[in-house]
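Encoded as structure tokens, the structure appears first; notes follow it.
Every read-out reported here was derived from the displayed coordinates using simple, explicitly stated rules and does not represent laboratory data. None of the values given here were measured: they were computed from a predicted structure. All Cβ positions, even for glycine, are placed from backbone atoms using ideal geometry, and neighbour counts span all protein chains on display.
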Ligand SMILES: Cc1ncc(C[n+]2csc(CCOP(=O)(O)OP(=O)(O)O)c2C)c(N)n1
Ligand SMILES: [Mg+2]
């Protein structure tokens, strides 16, 4: 740099510092307004995290106004949401009205939300740890679409996570780290706001040096931003090394406490601890209290120059980077360093003091450049307008509609055969693998080490495993017989994951947002064993909250996986399926239903207002029904159809879901003598059926519509006082609600305790899912 460039850079840094102050102000004021100025109607604390915001403001200023390019994507630490929205406001992408309504309905969300916020959130965050992992899987997704030519090498973005230090306690981060290593991750930065504080208190000293070692071992470049330029200058003076040494060995709690207490407390403590060091005492004496406090607390994460240098170094290649930026929680706010500051709110007097300190005029609190002269205003505007990130138009990309196959394209006729829903799923996937069309090239499968046992093998054999580094199947080359070909290449369409279900769901979140993040529609299909949904449930919720689109196939499920035993049985998953927004869950019994629902799921993936689908499948082979017409198809999608319609005015009906269809059918056969005309209702989705019923009710009450719900229509032929026996291989509550539709009596059968290993006849008898149990329930009702 020549002298003129040095001068210009110095000016820009001064301007950035001013922007940083105004971001801090606007974020603090937004929270203050929500808590102290806006009318409270319910007496609840609104909240917001002024301390957590302040500790990250310098990092975010450097990123957003200098380093980020339009194609870069950021997951912002959830409780730094006000900082993000303030920056968006400076870019003209966030209305003041949104900030004024922070945490109130229709306003800026508490935590950045892709679906709820009006500005351009790249990744939702909220449940700590998940947004971090999301950036790794987004980068993997970018590699996947880049390998297909959809993202050009020079347009590849960095996937950046801004996280808290306590967030590093979340285990899912390390699961993602391991997966990242296996997949040769690149273009990913994780930037830790290392403020030594969590929600409850100051954090343990013991991990201090370990995080860098962990990431280094996983192949990441570790950058520690420990010291600011101010500190390095002080440390270079005679006695300075002693100050540096003091900070390096100080326990977190003491460092934080002195940071809170300020200059006089620092002086007293340092004078005592360094009493033997004459040069250090002299250096300490040379500073006024306020400057001494700055020397001790203005750490690397609050020094724009230090941050920018580190980011510039990192931009030289695409290796994954782990930045440890030392910061102070509540930096420059009255409660900085205080262990209780996480939810702390400045008092009105403290906010007024901050306003004065930052030069904002009273009454102009929402004017981000208030009190700044014309020339500097212009210069600030120029800085924002010429920042690379200003080139971001809208982060939401569009993907064109891809024609998807029909159910008949996907599954050959199966009537009269024996088949399980899991086998049908495998067959459909194999049919897809054999197709040559745009759709099949966009299907991407993924599984946490259960690819083979969930029947994805046929697809993977034909379409291959995705990896940036090609690797041939050694067993195949050596002509060792195997049913599975396991060759890896960039063209592969299966992302193999290690056994970490959190990673499966975050991978589905990223792959399922490919259309919006990278402009390329993918049709992600993820498989796992049904019980292990619970293992990754928060990540599944996270994927759905962001409106990621995918097909989730969970198999085997329930007691029906019999010999595998209780540890592998899922009981509550039908209720999970019912209660998870953004996800329609289905439990087909037959192969043709499975194909219909898969075709439906692929269409839903790209439908406006669509969503994701969860299929709960089984390995139990059932004799397939012979269909006499096609009416069942619509019913299967809508959630139910009469496998055997009731006679008009029938007094009894059986309602079943999933793999215990043969028991329901057998019981129905036996019933017909005593209860002629009884119906047999096949429920493919308690979830869709229930949601439709509640929606119809809402429409009647709120919009005055007279829509009849599917279940109301289906039950209409039954006598008003008809009895219902419901049965499924899962929590009985998933179906028992049907009795409320018309006020009918119900006996609900299902699983209510952990099962054990056994064969189906023994288990169904023991856990009361057999025809006898169904008949007992009928008898009980008919008495
Ligand atoms: C999974 C999950 N558990 C708990 C919380 C509640 N929570 C929000 S922030 C936080 C502590 C964050 O500390 P840190 O990551 O160090 O961030 P800081 O505020 O110090 O910057 C906790 C426990 C959460 N958001 N998500
Ligand atoms: Mg922290």
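Kirkwood-type hydrodynamic radius, region 105-182: 14.0 Å, calculated from all non-identical alpha-carbon pairs. The radius of gyration of the Cα set in region 353-487, together with its Dmax, comes out at 28.9, 83 angstrom.
Between the helical axis of 3-32 and the longest alpha-carbon principal axis of the chain there is an angle of about 60 degrees.
Kirkwood analysis of the chain, using all unique Cα-Cα pairs, places the hydrodynamic radius at 29.1 Å. What angle, in degrees between 0 and 90 and rounded to the nearest 10, separates the Cα long axis of helix 771-782 from the longest principal axis of the Cα atoms of the chain? Helix 771-782 sits at roughly 80 degrees to that axis. For the chain, the longest principal axis of the Cα atoms and the long axis of helix 130-147 meet at an angle of about 80 degrees. When you restrict to C-alpha pairs under 8 Å that are six or more residues apart and normalise by the size of region 503-616, the relative contact order lands at 29 percent.
Considered as an equivalent ellipsoid built on the Cα gyration tensor, region 292-382 has semi-axes of 29, 23, 12 Å, the largest given first.
The length gained by stretching the chain between residue 452 and residue 319 to full extension, at 0.36 nm per residue less their Cα-Cα distance, is 44.7 nm. Report, in whole Å, the centroid distance computed from the Cα atoms of region 362-435 and region 565-617. Region 362-435 and region 565-617 have Cα centres spaced 22 Å from each other.
Centre-to-centre, using Cα atoms only, region 1-58 and region 229-255 are separated by 27 Å. Among beta bridges from DSSP that stay inside the chain, the antiparallel ones total about 15%. Does region 262-333 come out rounded, prolate or oblate by the C-alpha gyration tensor, with a ≥ b ≥ c the root eigenvalues, rounded set by a/c under 1.5 and, if not, prolate when a/b is larger than b/c and oblate if not? Note, shape of region 262-333 comes out prolate. Suppose the Debye formula is applied to equal point scatterers at every Cα of region 703-775; what is log10 I(q)/I(0) at q = 0.13, 0.16, 0.26, 0.28 Å⁻¹? Once normalised to I(0) and log-transformed, intensities are -0.49, -0.66, -1.16, -1.25.
The orientation-averaged projected area of the convex hull spanned by the Cα atoms of region 1-103 comes to 7.6 nm².
Counting only DSSP beta bridges with both residues in region 459-617, what percent are antiparallel, rounded to the nearest 5? Don't jump to the answer; show the numbers that get you there.
Details: 1 of 16 bridges.
So the antiparallel bridges amount to about 5 percent of the total.
Taken as Cα centroids, region 638-659 and region 721-744 sit 11 Å apart, rounded to the nearest whole angstrom.
Could you list 93, 313 in order of exposure, starting from the residue whose Cβ has the fewest other Cβ atoms within 10 Å?
Numbers: 93 17, 313 12.
With the fewest neighbours first, 93, 313 line up as 313, 93.
In plain terms, the bigger the Kirkwood radius, the slower the diffusion; for region 30-83, with that radius from Cα pairs, at 10 °C and 1.306 mPa s, Stokes-Einstein puts D at 123 µm²/s. R0 = 56 Å: FRET efficiency of residue 69 with residue 634, Cβ-based, nearest 0.05? Calculated value: 0.70.
Can you divide the C-alpha Rg of region 174-326 by 2.2 N^0.38 Å and report the result to two decimal places? The partial results should precede the final answer.
On the way: Rg = 17.6 Å, N = 153, 2.2 N^0.38 = 14.9 Å.
Against the compact-globule rule of thumb, the ratio is 1.18.
The relative contact order of the chain, computed from alpha carbon pairs under 8 Å that lie at least 6 residues apart in sequence, is 11 percent.
State whether region 561-679 is rounded, prolate or oblate according to the following rule on the C-alpha gyration tensor (a ≥ b ≥ c being the square roots of its eigenvalues): a/c under 1.5 gives rounded; otherwise a/b larger than b/c gives prolate, and the remaining case gives oblate.
On the way: a/c = 1.93, a/b = 1.34, b/c = 1.44.
Taking the square roots of the gyration eigenvalues as a ≥ b ≥ c, region 561-679 is oblate.
Starting from the Cα gyration tensor of region 133-262, take the square roots of the eigenvalues, sort them a ≥ b ≥ c, and report rounded, prolate or oblate (rounded when a/c is under 1.5, otherwise prolate if a/b is larger than b/c, else oblate). Since a/c reaches 1.5 and a/b is larger than b/c, the shape of region 133-262 is classed as prolate.
State, as an integer percentage, the relative contact order of region 75-173 based on alpha-carbon contacts under 8 Å between residues 6 or more apart. The normalised contact order for region 75-173 reaches 30 percent. By the count of other C-beta atoms within 10 Å, a proxy for reagent exposure, 115, 141, 203 are ordered fewest to most as 115, 203, 141. With a cut-off of 20 Å, note down the residues of region 103-140 whose backbone N falls inside the zone around a label point 7 Å from the Cα of residue 36 toward its beta carbon. Those under the cut-off are 103-104.
Please sort 744-752, 757-765 by packing, taking for each peptide the average over its residues of neighbouring beta carbons within 10 angstrom, highest first.
Numbers: 744-752: 19.3, 757-765: 15.7.
Answer by packing, highest mean first, reads 744-752, 757-765.
Of the listed peptides 766-776, 213-223, 22-32, what is their order by residue-averaged count of other C-beta atoms within 10 Å, with the highest listed first?
Details: 766-776: 19.6, 213-223: 15.8, 22-32: 26.3.
The densest-packed peptide leads the list: 22-32, 766-776, 213-223.
Could you work out the helix-only [θ] at 222 nm for the chain, with each DSSP H run of four or more residues adding -39,500 (n - 2.57) and the total divided by the number of residues, to the nearest 500 deg cm²/dmol? Don't skip to the end; give the middle numbers.
Working: 34 runs with 340 residues, N = 783.
Using -39500 (n - 2.57) per qualifying helix, the result is -12500 deg cm²/dmol.
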